Each structure stands twice: as structure tokens, then as C-alpha cells.
Amino acid sequence: MMQEDFFRDKRILVLDHSPKNSNDRTWCFWEKGSGLFEPIVHHRWPTLQFYSDSFSRELNIEPYQYKMIRGIDLYDQVRRMSAQHANIEWRNETVKLVETGSDHARVVTDQHEYHSGYVFNSIPFRDVQAPPSGGSTNGYYLLQHFKGWLIETTGHRFDPGKATFMDFRVSQENGVAFFYVLPVSTRQALVEYTLFTEQLLAEEMYDAALREYISSYLQLADYSVLHTEFGVIPMTNLRFPLQQGRVVFTGIAGGQAKGSSGYAFRFIQKRTAAIVDSLVRKNSVDLRETVADKKFRLYDSVLLHVLHHRKMPGSEVFARIFRHNPPQRVLRFLDNETNLWEDLQIMRSVPTGIFLPAALQELGS
């Protein structure tokens, strides 16, 4: 909104219970060229590494780059930019209720009540670790959960030009599990343990897996943990509302996490760009699901079906896709940006006898 003159005379209030003064999360995404957040990209990798028991490869992803943004850098940038706009105000309050009216939306916090032409809400207002009550009995609800350690070694042990995108060479006993290794220097890297399962693990299980991976696969014994982070993202084909009247949902609350992978950052940017464009052009927001949205939601449902019913290990699904397709096509597919011909090439990579029945069942549900 700060990029558009249209909003110069609009009063904008940002409500958040947190002062956003700590580095509480890290976002990673792939992108061509320079994007909106280029000034705060903390690190970037032109090369990705994929590992599984059946297939491993170093991937040159040009013209993409895999980029990392630290939460604190994003918060600081937005604060600095918004300080230059007298029409933008920040308040640290806890939001209790958001609802729409016919010509305005209402927000109730622990301190005040506000009315606005539109409210853009990123609060799920429920525990994302549990599926919503009611709804479709044919829906799948997995969790992508992860714990990461930023570690520092005593020697120069990392190549900061290469990131491990997925390493499935770890136990799959609890469900789909893999590691990221994201070096930000020759001595520091974010090592992250990620799982796709229906339940979270006990805290000590994440730590044990991190220690084992760092010891066995990175072959490091002498390191220190500088920072930890933990997160949970829903992976589901259950529908999230795009909009309810004057309330527009964003982020996880608006279903911007891809159902079959949990990737969210780029989808959030696409949604916010569409919201801003609609306001600038029509002075209103009217979000609708497109044909492409429905197509990729079906693809997500099919993979969730296969994973939920354990018809094929997730590690092997991703291994086959990366084995038989250029990485750029895979990244476009994960971004919901492939055309039908490219979709068919991805589909040819996985066993028809497993995925076709799953697709037919999801089409009929």
C-alpha cells in the first residue's frame, strides 16, 4: 500500500499484540530477479541440493534464486517506511473480534473498538494444530511443523553458495521428514528439521533429530546454537475464507499456505498484490477463486490423499518429481504457475497406478 499514491489520503491502522522487536522467524522463498523485499534479503543461494535414498542431485535453479529474509529485518523495514507516512498508525493491542457489517467492518481489541471500510485480518482465531470442526468429511488436515537451529562452527565448514533444499535421508517413521541446511556464511547455517504429519512431536524428539543430523550428515561435533525457531503450518484441502464482506483474510487465515507443501510466503505476496490492485482499480475488494486456483487445489488434494493414506512415501514422490523434471519447472509447479503441458510432465513423474485413482476419488468427492 505504501507503494501506491491511492492510499496517501487513507487512514491505515496496524494492530498487533507484539511490538515486533525480535527475530522470531525466518522466511525462505525462490524468486526471479529483484522483488519488493530485495533490500532486506539476508542471504541468497543460486544452487540447491536435493537428497533422498533413491535420488540425489545438485540443482542449478537459474534464473531463480533461493532467498532468506529474517523476521526482524522485515519488521524494521516496514516500521522505517511507514514512519514516513503520517496516515499510518501502529498500536500494540490484542485483537479479540473481527466482524463485517454492510458498509464497514468492526474490530474489538482488549483496549478499544474500531470501525473501518475494510479490515485485512491475518489472525486464524483458532488453533491451527487442529482441523476446524464440521466441514467436509473428505478433507485432509496435516501439519507442517519444523524446528530450526542457527549453528556456528569453529571452522569454515559450509559453502554459502549452496543450500540443502530437501534431505530425506532421515527416518520417515513419524511421517514425511526432511532437513534444510541454509548456510549464511562459511561458519553459520540454519539447520531445520521439517515434518508433514497429523500430530506434533515431543520437544525432545526435534532436538534429538537435529543433533543426530548435524553429527551424522554434516559431520560436525564442535558447534554452538545461536538461535532457535519453531513453527506449525496447516497443510490441508479444507477451504479457508478469502473474504467475508468487509473482512479480507490474509496469510494462513486466508488459506495462503499451499495445501500440499505448506509454502506460504510467495502466495501471501500474490494475494496482497491482488488486494492492492483491486482497491486501486475499483476502490473495493472482491476476491474469487480462479480456474487455476481450482486446478492446483485439486493437485494438492491428490498429494494429500496419497500422503494421508500412505500409498507412497512422500520422500519418493519428491524424489521422482525432481529426478524427471528440470528444477525450474518444479519450482513453478510449487508456485502454482505451471501450464497444463508442464502439469502433465510433473504427473508423468509419479506412478499412474497410485495417483490416478487418488485423482478420480478426489474429483468425485
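Annotations for the structure displayed:
- Among the listed pairs Lys32/Lys162; Lys67/Lys282; Lys10/Lys270; Lys96/Lys294; Lys20/Lys147, those beyond 27 Å (Cα-Cα): Lys67/Lys282; Lys96/Lys294
- About its Cα centre, the dipole of the chain is roughly 780 debye, where the only charges are +1 on Lys and Arg Cβ and -1 on Asp and Glu Cβ.
- Entry comment: accessible area of the range 56-146 is 56 Å² per residue, from protein heavy atoms only and a probe of 1.4 Å.
- Cut-off 13 Å (backbone N to label point 7 Å along Cα→Cβ of Val280), residues of the range 240-272: 272
- Histogram of C-alpha separations across the range 71-123, 10 Å bin width, %: 20, 42, 34, 4
- Sorted largest first, extent of the range 230-303 alpha carbons per principal axis (Å): 38, 32, 20
- 18 Å tail of the calculated P(r), the range 160-291, as % of Cα pairs: 64
- Other-chain or far-sequence residues with amide H under 5 Å of Trp30's (modelled H): Lys67
- Phi-based couplings in Hz for the range 37-47 (Karplus 6.51, -1.76, 1.60; Gly and Pro marked x): 9, 3, x, 10, 5, 6, 7, 9, 10, x, 10
- Here the convex hull built on the C-alpha positions of the range 105-211 has a volume of 216 cubic angstrom per residue.
- For the range 296-347 and the range 6-50, distance of Cα centres in Å: 27
- GluC sites (Glu not before Pro) within the range 321-365: DSSP coil, no more than 15 neighbouring Cβ in 10 Å: Glu337
- Rg [Å, one decimal], Dmax [Å, integer] - the chain, C-alpha atoms: 21.3, 63
- Normalised by residue number, the volume inside the convex hull of the Cα atoms of the range 2-134 is 197 Å³ per residue.
- Sequence-ordered 3J(HN,Hα) estimates for the range 55-70 from the Karplus curve with 6.51, -1.76 and 1.60 and θ = phi - 60° stand at 7, 9, 7, 8, 10, 8, 9, 3, x, 7, 10, 8, 10, 10, 10, 8 Hz, glycine and proline given as x.
- Checking every one of the trypsin sites (Lys or Arg not before Pro) in the range 286-360 against DSSP loop status and a limit of 14 other Cβ atoms within 10 Å picks out Arg288, Arg310.
- Amide H contacts for Asn237 (H built 1.01 Å from N in the peptide plane; partners 5 or more residues away or on another chain; cut-off under 5 Å): Tyr140.
- Rounded, prolate or oblate (a/c below 1.5 giving rounded, otherwise prolate when a/b exceeds b/c) for the range 57-172 by Cα gyration tensor: oblate
- Ordering of 123-132, 139-148 by packing [mean C-beta count within 10 Å, highest first]: 139-148, 123-132
- Computed over the chain, the per-residue total of -39500 (n - 2.57) for DSSP H runs of n ≥ 4 gives a 222 nm mean residue ellipticity of -9000 deg cm²/dmol, rounded to 500.
- Temperature 10 °C, viscosity 1.306 mPa s: under these conditions the Stokes-Einstein estimate for the range 234-365, based on its Kirkwood radius over C-alpha pairs, is 100 µm² per second.
- Dimensions of the range 46-88 from C-alpha coordinates, computed as largest minus smallest value along each principal axis and given longest first, are 57, 22, 12 Å.
The values are calculated or read from the model by the stated rules, or taken from the named source; none is laboratory data. As the structure is a computational prediction, the values presented were derived from the model and not from experiment. Quick reminder, even Gly has a Cβ in these numbers, built from the backbone with ideal geometry, and neighbours come from all protein chains shown. Protein only, heavy atoms only, side chains kept; ligands, DNA and RNA dropped before computing areas. Shrake-Rupley method; radii C 1.70, N 1.55, O 1.52, S 1.80 Å.
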